[in-house]
Structures are given as structure tokens and as C-alpha cells.
């Protein structure tokens, strides 16, 4: 059975990672997973939030948002509505946790990195593209801060790499990296965040239709682990290039 | 190794499910998992949200909140701050999805059930206690609506049962149903929502410290499935009692 | 003429005052006036609001709220609406003023006590039950702070006791402690807050239908003063018990 | 003992009621109680709020606000803060209830009158001046609506007149119509709203310092009833004049 | 061709500038341009906003608002809606910029002047009346601060005078100082803020219907410059009078 | 004198207009003026806002926003702050008015076009780039709606073209199309919106430092008119290309 866009079940969409997209940010990446495009910027500031002051430890946080017409139907701006929706909150928190999993706060020292992930065009998998791109932006920002001596010499704030991918069961078949059209038809939808050495940072599986069995869960995890390993390679290639 | 409160690793805290706690709500349950106490009420109203009108299908939604002094340190009221925090949003959405997983919207017909889960006292596992209690309140509310002929005769809106439990790895040992003190020390924290027939509705695992391996994930899932099966029994006993 | 629930016009509903309801709060009371149940917690923190710093004086404040399904028809959450309604504001302010009337700020010293009064079930008289219960929670919190030496030895921050009751005219008859069904039918509705020595802290009378005459006002005040005296006894009994 | 501004204890400040202050509103009054100046406008619109539609009954509501520099120290604008404070809510509700006490909704028919009471300059007693002025604006608006045939011929929506005054105990002496300087020194503060025939619409007494005794309450009520009677005369004189 | 109110095209409405309208504010002016009436108060406080502390320089800012029934149809209060509209923001910013154009921050020293411009009655030109009146209130406040030695002796914080007027093209004819009825019919609408020496602080021209040509723009600027010069005289006369 | 980036005073930065940037929107343009990059999308929906229903006329509106790290220093998200700032409001309104100036509402019929202008990277002139790009997105959206027969055959909703540019006086020299570094140093700053036939839609000039003279205003207008004419050519070229 071939997928809507001709991929095999275990195939990622075309992934591109364009570093240095913004002239202002300390790290910036335009990441695409097929038609999904997310602009990830990493902003470094000296100091940490009040509750962390004097701890000698740094902080990393994230904010996710979608442009109103990144989707097929225009959505209201959250700034105009005056409040952030639950989905936005949930994804911002997921991105933040995922990147903090590979940060050594002590090595970072008292600086803050804010990762802004703005979806310019959405076609499924925006949160996993955001995590994958944000890691590269974070790596560039950390390198920048090391260059500026904001991080003490010899310290390595990044303890690993992190990437994320969605998997799901569509018409009974487990698929890797769902596009929007697959996503809306999925019976089960899972987002998996892995480190480069194949361990889990986050596993979030949801039954959209009927609840799923243990063996289905296992099949999805297999797909996701392989997908993240491939994304890890792409991140390394991007970071190996000249910015 | 014995746990902080003397339990074995695979032992639930004392769980109580007190039905009919409120005189006003169509279903109401005061659920406790040890010192965690959540008041779950189910409110039935005729009609559905605007986007669902005329579909012939019903709707189930949930709202979670904590009383300001349900925790060790008093928290600000979200009503006073004027906005709902990300954690609250995330948990409300999780509870709603979990209960919708066992609802047949067509059989429900155009009525709405709102599940309010208010944490009166928190000691870890508030979201899983809320889901477990809310299922019983929902079952009572559905029975009430059947009695009032708001649901057509012969229709069965509940397609199964649902319960939830937390699991986590503390000092390298996988534990079931973490209390607060265990929760803050957990390296990995997972919330699992299962149906009575042992399938998964939600699996949400998070590495709080170091990322976790596949075998650790498997161990946690084993514990959680057994815990949910025991909660399923307790729900059935509660529902078998006279309200 | 007998009342809807068989009481005489000058009879309180069954009042219970359950201390130590919460394991976290410095003082906590589940108070009921008939079917009205309010959870009152007193939270002690060192320090005072900014405008009071350095004064050597403490502060006491209150927040009142209703759970969405504490009433017959589910109300929207104020946190979801993003703002606090006028009624909530008004009652929170009333509770705060009432309890501050028996506090000696100097003796309290620079600590703050926040009284949270959350209505779990409403059947009329929620604000008067809240004040009556909050006084007991406050007394327990003050005792706790004395035990912790947060209040200087020998100082007595409580200058008296305070209780509150509603009165109203229904079908021309003045009644004490209205339940909801009486309250909606009342032509005149009054809330009276008294100290244990029979003086007034607050008198708030409102003509719901036709304006009321001076002699009607006098009759209501007589009833209220007697009701508060009885509540004062019940508070003393509760505080005399072992917590 | 003479008062700060030379008045006797039972003397009102100079009260002026200037009708027709605004060219746009259906009724408008600039009322002053000494240096307190409140602009009261009555706006008539056809139709009623949704919850009252089809009832054949009208509605009257009020909104109170203070200009930022109406007071000695500039206050933040509530529009800038993004929320209405408790005091504003409380007073708006009081004004609305007070005027609804003299309205026959059936006779009014399905029209709405909104009373806006904006304090241009504050020197104590702003809520009582607002009620007293708003009554006159309401009377003008009702007359306007009768002239426009928005109210059926022969119907009398106004069932009486209403005025309000503050009283308080300063240095042990009961005083009528407190100015700001007296108000801040008052041990007890009471606002009383009366109809023209001497009955009570609202009685709101608060102990600012020590709780007050029954005889003190009685003394304050005597003063307030006499003050309202005098205000009733001034309202009649204003309404007898050509607008 | 004569205008709706009998004026010639280059004629201002009757302008009155009443100083000292409020007993509390350091400067206060009730300004009217025909039926448009704006209360402008200037509030002086020691200190400056945080971002300016320690600079030795002062700050001037403005807030504009309309009373709900200042207009022909009652508008919702921005405080009730919980947010400030775009028009209000825009005008507040315009007033602030206009007055800052004639302030020497160094000479002012670290004090803040807030100009509140509240429209009591609107009939077109509220923003230009507000600027014209606010200048006079500011001048009085600066004089007050000099009298109180809050401004160092010999320093002159005001570097000039400022006034504003609207101009527009109605039925092809350029008109000065539009009233509301002219304003809604204008094809082009322009607000011009000038200093007393005839230079421009702000020029804001908008095509309401068809875009306008360069020569039309020139004609409007001629009218506006002459109008501002006349307003400058009226401001000087007002300031020359005894307050 | 040469400019910071080597341009002559009357020279635009490199302007690019990339059509069809988004797969979802009915019209979409990535416009750049030098390093300033704005994504402009035009969303077409059937129907109009409530106040316009049944009029037979369409509506065009705009929303402007900046990504948090589009600027040199990261700004807070307006969605997180819960309110839109004055500058955002002001620019959104300016863009909407500018585009409505070339729309024939009758010819458009009852459809709505929303123009979202999101600044991806800012380097001065974001509002003028937004207007210039939004016009092209609007033209594409109108063509799309004509193709879909949402606009009646033969009707031409676009009555002209519109473009915008900033001008300012820096060190006494009038300059066209200021970059950020020039903008912060400008004594006078003006944004001019012109139609393709050289008429004015908006003229907004502000003295940032000293007020400006009539001849300076004239010099700036000359520059702006020439700049807009050049932008008009670039828009035509872009629209002539294959999308």
C-alpha cells in the first residue's frame, strides 16, 4: 500500500534544515518536513528568571505559535483573542521540556535561551519539526555564547542531541511522519522525542478513535525510533555545514 | 526496598470512590488516591456546542482546576490572574480526551456532559485520580439522562470503562501510583490511561532527568496496565453499590 | 406557619464545623449550614504586601469562589471567562473586612493570612457560612503561627470572634438563615456580621421587591443578633475540641 | 462641635442638580454634593438583554467609574489594567439595584436604560451622589421615552423616587453626608438608600474600626432618613424646573 | 457656500479654555471646541518609569478616553470589555508625542507628568481639542512643579507651545475644524499639530473616500496652520488669566 | 554624502516581491525591503462582519504583527502578554485603511479579505513593506475569487494600486526608505501611502526631535511620491510574472 504522497510507511518526508535564516537571532533555523515550515529562533540573554537567580544555573524555554494563515482555514490570532489556547500551551511546554533534556544547566551558567518556534506553513507534524529545528538553533546559540565567552571555557552545556517525529496508525497501518491529511485520518497518533543515542525524552500517544493495543504501541515506537535516528543524521549534517 | 509510605512498588494507594457527593450534579464523585482528593461532577445539559449543532451527536468535555490551598504552598487563583495556565489547560484536555474515548456520540445524542474535576487536596496523581473519578461521575450522569429519557431508549453511549494511573522510576525502581514526594524525585514520569479491556487511551511519558530506555518504558507500561485493571475493579464495585 | 424545611422562623439550619479538613493549610474548616458547604482554608505566609512593608503590621485578606457545579445549574468558571464577576468581588471583600474587624495588626506582626472560601455546594447563605467558618480557620492559623513563634510571645492578634448569618422577609415573615428556596422568594434580604459580644461588623440589607420599613429592619436585626450569638457558641465548641 | 467645613452634624453639603448637561443622552445630570461631582447619563435603547427577551419587561442597569484624576492621587485606568476592580463592581451593582427598586418593569416594556455615573471629582459620597443624580436622569429618560411613544400611553414605569446619603460616626459623633476627610476618619460608615416615602432600599453599614452597637446604628439611620428626605425635595425641585 | 453651523470654511468653532477645573490635579482644563468638551488633567509625580530611572530626564505621557455616552450612541466601556481599542491607543499615543515635542526632558528632571484627556461630550475634533487643552494643563502643572521646587530653579522644561486642529475636504471644499456631521461626510480628513512658531509636530492625513492630490494637501495645510495660530493665541490668553 | 548602506538619498533598498509563498492562502507574498521581510497573506471568506450583512458590500481588513525575534532584541509575544500594544493596533489600522482605499465594496460583493502581515525580520519600514506586499497578495486573492466566481463576472473590485514608503530627515538630509539605523537617528519620520496615479491615501509625518518646517515637509513628500511610483512598477512586474 502506498501513502497519499507516494512514501513507504517508514519514510520521512523531505526534511530541510536551513541555518542562519535570521540576521538578528543568536541561532535561527527554517526547518521543513515536507510542506510544514517552522521558523525556529534561539535568543540568548544574560541572566535567568527570578526564581533561579543566584543558582549558577541557566534556563531554556520555548514558545510555539502558528501564523493565522499557516493552516488551510485562517485561525484567529491568539493576541487578538487575548489568550493563548490550550494546544499552544501544551506544545510550547513539550518543546521546552524536550530541549531541556539535553541541557546541563550548570555548564550553561546563568544565561537564558528562549526558543521561538513559529509555524509559517502547517501540514502536520509542526511540533516535531519545531523540536527538530529548535535543537539546531539551540546548538548554534550555544556556540555563539561560547564564542562570546558567556559560557565558561571548557564547559559543554549540550549533553546530547534531540529530535522528534510523529507516528500513527492509518487504516490499520503504522506510518512514520504523518502529513496533515494522514493525521486527520489516524486512529492513533503519537509524538516521540528521542536523543541521538536512541533513548526517550517524551512519548505521547493518543487514541483518536478506538484505544490501541500493546503490540500497536510497540510497532509505532519502532518506527519512531528509526525516524528519529534519521533526523539525528540530518541535524548533524546541517550543523557540519558552514553557517 | 520499601516505599516512603510502606507500599510495595506495584501497590496502589488506598483508593476510595464516593458517589453522589453533591446534591445538584447529575453525577458526582469524591475520589481519593491516598491524600489526593478530587471532586468530580458531571453536568448534563441539552444541546451541544454551536459547531456540532444538527449533527445528532453529543459532546463530552472536562475542566480541571486546583483549589489555591490544595497544595503545600498556596497558589494564585487562575481567576484572579485572569488566565489559565498551561498545566491546567493540558490536564483539562487530557481528561476530556480520555473520557471521550469511551463515548459513542451518536448514542449519546445532542446532549453535552461537562466534567468538572476540582482538586480539593493534592498529593501527586491528581490527573489520574480525576480521570478515574470522572468516569464514575460520567456513568452516573449517563444513567440519569437515560432515566430522564434524554437519551433514546436502548442506546448505550458508554462503549467501555476508563481509568488512569501514574507510574515512574524513582532511584532506578519502577513504581506505581506516585505520591507527591515520589513524584518530585522521579527520573521518569508517566501517566497511562487504559480501558477496562486493557487497551491504551493515552500514554504520556516524560524524562524528568536522564532520557529513558525502551526496556524501562516497557517495565512502566506493565505496572500501569496492572494498576488500571485494579482501578477498573474498584470503579465497578463503586458503580455496583447503591448511590 | 412552618418553613419549607420544617424550621421555626428563628431557627438556624444544622450547622457543622469540621476543623483540620486539609493536610496542607495552617487552618482549614469544612463548614456547613444545612446543604451549604464551604471549604475555608487559612494560609499563613511571612511578610506582607508591598504597601505595608516595614510597618510592623500584618494583613488578612480573603478570596471567595464557587465551584462551577456547586449550584443547581452549572456556572462558567471565572478562570475560563478570564475575569472575576462583581458578586465574587463583593463577597471576597465582605469576608476580608469581617475578619479584619477582629484582628490587631500590630499583634499579628508582619505576616499575612489568606482565607480561601470555596463553596463546594450552595444552598443559600454561602457568604455567611464562609465568614463563620473562616473565623475558625483563622483562629487555628493564628494558633499555628504562635506555635511556630511567627507571632511574638504574649501577643494576641485576635481581639474577638466573628460570625455571620442571613435574615430575610418571606411572605411578610422575618426568617433566620434562609435556604436557597427561601432566598429567591425573599422580599428583603439582609446579611449581618456580628462579634461575639453582640456588636455589628457589617449590616447589608437589600430590598429585593418592595422597600422595607424601619420596624421590619428592626425585626430582622433582632433575629440576626440571636442567630450570630448561637453561631458564636458553635464556633467556641468547635475550637474547644481537639483538632 | 463643629465639622471640618463648618456644617452641623445633620447638615448636607451644598447639593446641586444640573439637568440636561449632555446633548446626546436621553437624560443627563451633573450632580454635586459639595466638591463631589458626578456626571450621570441615562441612555435608552429599544430591546432588552437576551435573557429577558420576550418577557414584555424592561431593564435598568448602571455603570460607575472614576476618572483617573478625580481623586487626590491619580489612579490607574481600569481599561488600561484590563479589569474592573472590586469596588467599582460593588458600586455599579448598588446603583443598579437602587434604581430598579422604583421601576415597574412591565410598565417600562421591553426597553433598556443604562445609567452611567462617572465621577469627575471625588470628595466622599460618590456612590450616594451618583444614586441621587441617576434618579433624576432616569426620570428625564423615562419622560423622553414616553414622549417618543417607546413606553405605552398611560403607563408609569416609575413607582417612586429614590435618593441616597452616607452617614458615619466620627470621633463618636454621628454625622450626615461625610466629605472625604471625615470619611477616612470614620469609625463606622454607612450608606443608606431611601425612597421618597421613607422606606429603605439599601442599608450598608461597615465598622471601619471597632464594631458598632445597636443604638449607634439607630442614630445613624435617623440621620440618614432625614438626609434622604431633604434630597428627595431637591430632586423634586430639579425635576420641576424647565430642562 | 455656508457650513452646517453657519461658519466660513476657515473659521474655528467657539473655543473655550477653562483652567483649574479640578481641585485635585496639578493642572486641569475643561476645553471646548463647539459642543466637543474634553476634561484635561495633568498629574505630576516624582520619579520616572523604570526604563528611564537614573537618566536625570523626565517623562510626559497621555491617556485619552471617551465617556460611554459622550457620543450619540452609547459605546461600551473599555474597562468592561477588558481591553483598549485601537482608536484609543492611537489617539493616546498622538497626544503624548505632541506634548513631548515641546518638552526639554533634562530641564524637567526626573518627574513624570500624565495627561488624562477624557471626552465628556463629543462632536468631532476630540483629539485636537485634547491636545490643545492638554498643553494648557501641562503648562499649569509645570508652573506648579516649579513653585514646589520639584523643577530646579531657572530651568524651562517647556520649549514652545503646541496646538492642534482638524481640517478636511467636504463636498470638494477644504474646511477648518470639522464638527461631527462634517467629519462623517469628509472625503479627506487631516489632523495637524503645530507649534506656536508655525512648525509641524504631526501631520496625519487620511483619504476617507477618493485619494487626494498634492494641491488639496497643500490647501488643507494652509488652513490648519492658520487655525493652529489662532488656537495658540487663545491658549496664551487663557494662560495670561488668573487661574 | 553617502548613506550607511551606500545608497543615494533618493534610492530604495533592494525590493523583492515573491508571490505564492504559502500553499494555503488565496494570495501570499514574501516582500522584502532590504533586510526587512514581511509575509503577507490574503484570506478570502464568504460573508461579511455582522454590521455589514445584507448590504451587498464586501470588507477588507488587516492584522500586523512581529515575530518575537524579528528584531534585534527579543520582544514579548502579544499573545502571552494577553493584549495588543498600541503600535500594533495603529499599524494594523493603517494597513487596512490603505488597502480599502483601492477597493470598490459593491464590486467585491459580500466577501471578506483578511490581510495578515507578519514581520519575519525587521530592519525599518515594516509597515510600508507590509502595505506594498499586501497589495499584491490582495490582487492575487481577488483574481482567485474571480476564478471561483465568488465575485460576479465583469466586476472589478480593485479601483487602483497602492504602495507605501517611509521618508525622513537624517542629519538635515531628506532620505527615502529608511533602514532601522537611519530610522532611529531621524529627526522627522514620515510614512506615505500613494496610489499608482500619484495621489495620497495616507500621509503620517511625526517630528521625532525638533518640529519640521513646511519646506521640509514638501521635500519629503517629493521623495515619497517618487519612491511610491518606483514601488508601483515593481508591483506591476511581480503581478505580470507567472505565479
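The values are calculated or read from the model by the stated rules, or taken from the named source; none is laboratory data. Being a predicted model, the structure only gives us computed values, none of them experimental. FYI the Cβ positions are ideal-geometry reconstructions off the backbone, even for glycines, and counts take in every protein chain you see.
Here are a few things to note about the model shown:
- When residue F:192 is tested against (1) over 21 Å from residue F:100 (Cα atoms); (2) facing another protein chain (nearest Cβ under 10 Å); (3) in contact with a helix residue (DSSP H, G or I) (Cβ under 9 Å, 6 or more places away or on another chain), only condition (1) is not met.
- Hits in region D:98-136 - residues which are more than 25 Å from residue E:78 (Cβ to Cβ) and assigned to a loop (DSSP other than H, G, I, E, B): D:101, D:102, D:104, D:109, D:110, D:123, D:124, D:125
- Boolean, residue A:4 is within 14 Å of chain B (Cβ to nearest Cβ) and modelled with pLDDT under 95: no
- Here the condition is being surrounded by 21 or more Cβ atoms within 10 Å (Cβ to Cβ) and either at negative phi or modelled with pLDDT under 95 (or both); of F:41, F:61, F:45, F:16, it holds for F:41 alone.
- Counting residues in region C:11-21 that are touching a helix residue (DSSP H, G or I) at 6+ places or on another chain (Cβ under 6 Å), within 14 Å of chain B (Cβ to nearest Cβ) and not in a loop (DSSP other than H, G, I, E, B) gives zero.
- For the criterion of being buried (at least 21 other Cβ atoms within 10 Å of the Cβ) and within 30 Å of residue D:32 (Cα to Cα), residue E:81 fails.
- Residue match in region B:166-186 (condition: at pLDDT 95 or above and under 16 Å from residue A:214 (Cα atoms)): no
- Scanning region E:45-56 turns up no residue that is closer than 30 Å to residue D:21 by Cα and either within 14 Å of chain F (Cβ to nearest Cβ) or in contact with a strand residue (DSSP E or B) (Cβ under 8 Å, 6 or more places away or on another chain) (or both).
- Verdict on residue F:164 being within 20 Å of residue F:43 (Cα to Cα) and in contact with a strand residue (DSSP E or B) (Cβ under 6 Å, 6 or more places away or on another chain): no
- Looking only at region C:198-243, residues that are in a helix (DSSP H, G or I) and facing chain D (nearest Cβ under 9 Å) come to 6 in all.
- Look at (1) modelled with pLDDT under 95; (2) more than 14 Å from chain C (Cβ to nearest Cβ); (3) touching a helix residue (DSSP H, G or I) at 6+ places or on another chain (Cβ under 8 Å) and you find that residue D:36 fails only one, number (1).
- Members of region E:75-92 that are farther than 15 Å from residue E:126 by Cβ, more than 7 Å from every other protein chain (Cβ to nearest Cβ) and part of a helix (DSSP H, G or I): E:81
- Residue F:82 vs. criteria over 24 Å from residue F:179 (Cβ atoms) and in contact (Cβ under 8 Å) with a residue 24 or more places away in the chain: no
- Residue satisfying condition, being under 19 Å from residue B:12 (Cβ atoms) and either in contact with a strand residue (DSSP E or B) (Cβ under 6 Å, 6 or more places away or on another chain) or modelled with pLDDT of 95 or more (or both), within set B:236, B:155, B:199: B:236
- Residue in region D:189-197 that is part of a loop (DSSP other than H, G, I, E, B) and surrounded by 17 or more Cβ atoms within 10 Å (Cβ to Cβ) present: yes
- If only residues of region E:98-121 that are in contact with a helix residue (DSSP H, G or I) (Cβ under 7 Å, 6 or more places away or on another chain) and either at the interface with another protein chain (Cβ under 10 Å from one of its Cβ atoms) or free of Cβ contacts under 8 Å to residues at least 40 places away in the same chain (or both) are counted, the one that is nearest to residue E:38 (Cα to Cα) is E:115.
- Restricting A:134, A:139, A:163 to those that are within 13 Å of chain B (Cβ to nearest Cβ), touching a helix residue (DSSP H, G or I) at 6+ places or on another chain (Cβ under 7 Å), at pLDDT 95 or above and under 25 Å from residue A:231 (Cβ atoms) reduces the list to A:163.
- Filter result for residue A:95 (within 7 Å of another protein chain (Cβ to nearest Cβ) and either part of a loop (DSSP other than H, G, I, E, B) or crowded, with 24+ Cβ neighbours inside 10 Å (or both)): no
- Residues satisfying the stated conditions in region E:177-188, i.e. in a helix (DSSP H, G or I) and within 22 Å of residue F:91 (Cβ to Cβ): none
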